[in-house]
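First the structure, in the form of structure tokens, and then the observations on it.
The values are calculated or read from the model by the stated rules, or taken from the named source; none is laboratory data. Computed from a predicted structure; not experimentally measured. Backbone-built Cβ (ideal geometry, glycine too); neighbour counts: all protein chains shown.
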Amino acid sequence: MQRYIPPLEGRRGKLRLDFNENTLGPSPKVVAALRRITGEDIGTYPEYSRIYSKLASSLGIGEEELCITNASDDAIKVVLESYLDKGDEIIVPAPTFAMFEVYASIIGAIVRTILYNDNLSFPAEQVLQAITEKTKAIVIVNPNNPTGTAVERAVIIEILEKAKDRLVLVDEAYSQFTGESVKDLIGRYENLVVVQTFSKIYGLSGLRLGYVISSRRNIESIRKVNSPYSVNTAAVIAGLAALDDQEYLQSYVAEVLASRAFLADELKKLGIAALSGKANFVLAQFGQRCKEIDERLREKGILVRDRSSDPLLKGYIRISAGTLSQAKQFIRSLKEVL
Ligand SMILES: *Cc1c(COP(=O)(O)O)cnc(C)c1O
């Protein structure tokens with residue numbers, strides 16, 4: 001295996017448009033709640049009943065249909081460990097989030113990569129055709145990172161139908177930006193597992209809180225594999241406070257959507273092809289200049305993610321859409337660099 005080493009050090013104080021985080025951090029209520037943590041809170045093993053009940057009711061599901069995890073990369077790990085054995089095949093449309101392949105490899109599962117279409121649309125036909133007796137699981141990231149592609153609900157249902165006896169893992173890390181989720185289908189499809197996270201829109205990347213939604217029966221299996229204390233007390237306290245401030249989330253989503261449209265427009269005005277996608281980032285086409293632009297922006301304190309080494313994303317840099325004023329700052333600096 002190759003070790004996955006994210007370029008994550010020394011990012012504080014910079015304009016972080018490289019990891020699709022909430023660029024404002026969490027609701028101020030989260031920070032206030034964390035300041036109230038006591039020594040007893042820290043010295044005691046975590047207790048989960050409040051977060052289970054609050055999160056389940058906010059999702060409109062039962063507590064037995066929910067399993068909290070150490071953010072969604074741990075959710076993906078626990079789900080794959082629960083269902084895959086060595087030699088099982090897992091279909092992963094790519095390019096996508098790196099951790100599916102990492103955790104599948106640890107298990108010794110065989111990753112069957114299906115490339116997104118050249119126009120970055122979801123390769124629905126190819127995925128459907130790739131489902132054979134050997135297939136044990138199928139991954140759908142909706143909307144996808146780094147392509148920004150949304151998958152139609154009807155397509156997900158078609159895959160769920162065709163893959164009746166296999167696991168269909170839907171990663172909804174960015175679902176708040178489309179307002180769409182398939183979590184309501186868990187009662188209808190026993191093979192559906194949905195993963196969501198507090199890392200992106202909620203602004204809790206640094207505390208690690210995510211969760212799995214599935215049928216009661218699946219969750220029972222998944223909880224057997226899940227480490228009993230993988231979510232820490234600070235993450236629980238932050239998650240509870242974050243759920244209390246839905247207004248903050250709504251206003252951040254609105255801000256990101258405006259900022260994403262602004263970025264796409266301004267890039268086009270500069271003669272740079274841009275794909276705005278359905279998540280909280282845009283892809284901008286800089287051709288041969290990606291590395292240079294990335295470095296020059298970095299010198300100006302702006303971080304973006306050069307995705308140009310991916311065969312489908314040749315010449316593209318991914319830019320997270322933060323607030324409108326951050327997008328303006330980015331465009332000003334980009335003009336200087338160009
Ligand atoms: C960022 C991201 C996640 C979130 O990972 P966490 O481990 O929850 O921080 C999950 N899936 C995708 C596709 C992502 O881009």
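In table form, for the structure just shown:
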read-out	value
Identity of the residue in the range 185-227, of a type in the set (D, E, K, R) and out of contact with any helix residue (DSSP H, G or I) (no Cβ under 6 Å at 6 or more places or on another chain), that ends up farthest from ILE90 (Cα to Cα)	LYS200
Those residues of the range 61-71 which are away from the ligand (no atom under 16 Å from the Cβ) and either within 15 Å of ILE237 (Cβ to Cβ) or without any contact (Cβ under 8 Å) to a residue 60 or more places away in the chain (or both), in sequence order	GLU63
Selected residue (only one of ILE107, ILE90 is touching a residue at least 12 places away in the same chain (Cβ under 8 Å), within 16 Å of the ligand (Cβ to nearest atom) and not hydroxyl-bearing (Ser, Thr, Tyr))	ILE90
Selected residue [under 30 Å from ASN144 (Cα atoms) and out of contact with any helix residue (DSSP H, G or I) (no Cβ under 7 Å at 6 or more places or on another chain)] from GLY25, GLY43	GLY25
Looking only at the range 208-238, and only at residues there that are more than 10 Å from the ligand (Cβ to nearest atom) and assigned to a loop (DSSP other than H, G, I, E, B), the one that is farthest from GLU64 (Cα to Cα)	ASN232
Residue match in the range 82-98 (condition: among the hydrophobic types (A, V, I, L, M, F, W, C) and at pLDDT below 95)	yes
Boolean, ALA56 is under 23 Å from the mean Cα position of the chain (by Cα), of a type outside the set (S, T, N, Q) and on the phi > 0 side of the Ramachandran plot	no
Criterion violated by PHE97 - all others in (1) away from the ligand (no atom under 16 Å from the Cβ); (2) more than 17 Å from ASN191 (Cα to Cα); (3) outside any helix (DSSP H, G or I) satisfied	(1)
Per-region count, the range 43-92, residues polar (S, T, N, Q) and surrounded by fewer than 18 Cβ atoms within 10 Å (Cβ to Cβ)	5
Residue check, VAL111 more than 17 Å from the chain's Cα centre (by Cα) and either at pLDDT 95 or above or assigned to a loop (DSSP other than H, G, I, E, B) (or both)	yes
